[in-house]
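A quick write-up on the structure given underneath.
Throughout, read-outs are computed from the coordinates displayed, never taken from laboratory work. These numbers come from a predicted model, not from an experiment. Note that each Cβ is placed from the backbone with ideal geometry, even for glycine, and that neighbours are counted across all protein chains shown.
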Amino acid sequence: MKLDDLKLVEFLEDSQVFSIVINTESKEIVFIHNSLAKELEFHREEIINEKITKIMPNEVCNLIFEKNKKDIFFMEDGRLINKHGNQIPFKLFYSQSMNENYLLIHAIKSKTAGDILVEKKEFDIFNSIAKISRNLLVVIDNKGKIIKFNNELEKLIGFSVQEIEGKYFWDFFIKTEKERIKDIFFKQLECKSNPFSFVSELQTKSNEVVEISWSYSIICNKKEVEYIIATGINVSAQERAIAEANKYSEVLETLLSVLRHDLQNDLLVIEGMIDVYLETEDKNLLHRALRAVNRGFQLIHRINILHETLSSALNFEIVSLKEVIEKIIIIYLAEPIEFTINGDAEVNCDKLLIFALSNIISNAIKHGKANKIEFNIKKDNEEAILEIQNNGSKIDQSIKEYIFDKGFSAGEHRGSGLGLYLVRKILERYNASIEVSSNNNGKVVFRIVFPQYKEKV
């Protein structure tokens with residue numbers, strides 16, 4: 001390379017702007033800024049004396065040389081090619097500052113917030129976090145426009161990627177909040193404080209209002225804010241979850257109390273039977289003790305199901321009432337009890353339905369001395385109706401009003417007073433109702449109505 005002014009070369013090397021010098025006749029590169037070569041992943045020696053098309057797309061070259069007659073030319077959307085053939089966006093401008101045989105091109109990398117994320121290897125990190133995070137994650141540029149977000153935001157507000165990307169962050173808040181959010185955003189840019197939190201309301205595509213607790217974190221480049229990462233927690237959902245937990249904590253406490261009471265009774269029965277057997281050697285007593293052991297195992301199994309169900313989120317599913325009842329009555333096969341199931345319907349519930357129906361059945365056998373239990377299932381106006389009738393002792397009209405109250409107990413074999421109360425609380429989970437009556441034949445009837453019946457597809 002022959003340049004008259006070597007000081008210019010030194011100046012170009014020290015410049016913060018990338019530079020390329022091209023021979024206008026041969027279109028060969030006679031100089032390239034070392035940092036630019038590295039940016040394009042070349043060694044400078046691989047580029048010097050090569051045609052400019054090695055690092056510049058043909059259409060960009062043609063445009064530059066076509067405009068070469070001008071003293072100054074600027075290209076906002078210029079591009080250069082790296083060693084792997086990928087086109088990288090650069091702002092390009094040139095001037096004929098040396099002589100007509102050489103063209104000096106300046107290249108400034110077009111940096112967006114997304115580019116900075118890539119350079120810092122944070123873009124992939126964001127994607128990884130975004131995939132597993134259940135919170136809202138939004139990357140906003142310093143103009144307030146959304147450039148990246150996770151699926152949780154898309155699912156919550158109901159807008160598509162195309163409807164979100166490039167829009168202003170505050171566009172998705174309720175009308176009365178837009179200016180406040182905009183003001184918060186730009187004040188955050190000015191003060192550059194990190195982090196910052198506030199609560200506001202988003203408006204979904206279906207016009208539902210959702211309360212979100214936001215935290216801002218700023219990312220700077222050379223002391224200037226390049227973008228803000230906003231993290232949001234659905235406070236509305238959180239409050240619903242807390243209310244749900246509080247609602248069923250009493251159910252859990254009550255149910256465990258009932259189960260402990262029943263298990264203790266079974267153990268006392270076993271102990272009593274074995275004591276008497278040791279004196280009489282009556283094998284019938286052993287059979288009765290074994291049945292009590294079996295009930296104890298079933299009880300422990302139910303406790304495990306209870307723990308699994310209540311320690312996880314509500315997980316309702318469509319199930320057959322007939323199939324649920326069949327699972328319950330298996331444990332009574334050795335008992336002299338006659339069961340009849342008529343009809344079937346499907347209801348939306350979880351595993352606690354087994355506990356509720358088991359309690360009604362065991363009460364009929366233990367306290368009502370019933371030996372015939374009939375289940376009549378039908379559908380009516382998108383409702384599933386289950387009637388459980390037994391031939392046991394009648395329930396006095398005066399106590400029917402209180403039978404589902406907590407602590408209420410009556411009859412010869414008084415229990416904990418929690419069983420039917422618990423049945424009602426469990427059924428409330430499914431928005432179901434329960435009432436007790438006596439039919440024309442004098443049988444006790446428990447009537448349960450499940451709303452919003454759905455057919456299996």
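At a glance:
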{"read-out": "Neighbour-limited loop hits for trypsin sites (Lys or Arg not before Pro), region 138-179 (at most 16 other Cβ within 10 Å; DSSP other than H, G, I, E, B)", "value": "K143, K167"}
{"read-out": "In region 344-404, the chymotrypsin sites (Phe, Trp or Tyr not before Pro) that fall in loop regions by DSSP, at most 15 other Cβ within 10 Å", "value": "Y402"}
{"read-out": "Other-chain or far-sequence residues with amide H under 5 Å of Y227's (modelled H)", "value": "I219"}
{"read-out": "C-alpha center-to-center spacing [region 171-189, region 17-61] in angstrom", "value": "46"}
{"read-out": "Karplus 3J(HN,Hα) series, Hz, for region 36-42 with 6.51 cos²θ - 1.76 cosθ + 1.60 (x for Gly, Pro)", "value": "5, 4, 5, 4, 8, 6, 10"}
{"read-out": "Long-range HN-HN contacts of M56 with modeled amide H, under 5 Å", "value": "I81"}
{"read-out": "Phi-based couplings in Hz for region 353-367 (Karplus 6.51, -1.76, 1.60; Gly and Pro marked x)", "value": "4, 4, 5, 5, 5, 4, 5, 5, 5, 5, 5, 4, 6, 6, 9"}
{"read-out": "Distant-in-sequence amide H partners of Y94 (H built 1.01 Å from N, under 5 Å)", "value": "F73, H106"}
{"read-out": "Using θ = phi - 60° and Karplus 6.51 cos²θ - 1.76 cosθ + 1.60, couplings along region 393-404 (whole Hz; Gly, Pro as x)", "value": "4, 5, 9, 4, 4, 6, 9, 4, 5, 10, 4, 9"}
{"read-out": "Residue pairs, from the table K51/K83; K351/K394; K366/K443; K322/K351; K351/K372; K366/K394, whose Cα atoms sit over 20 Å apart", "value": "K351/K394; K351/K372"}
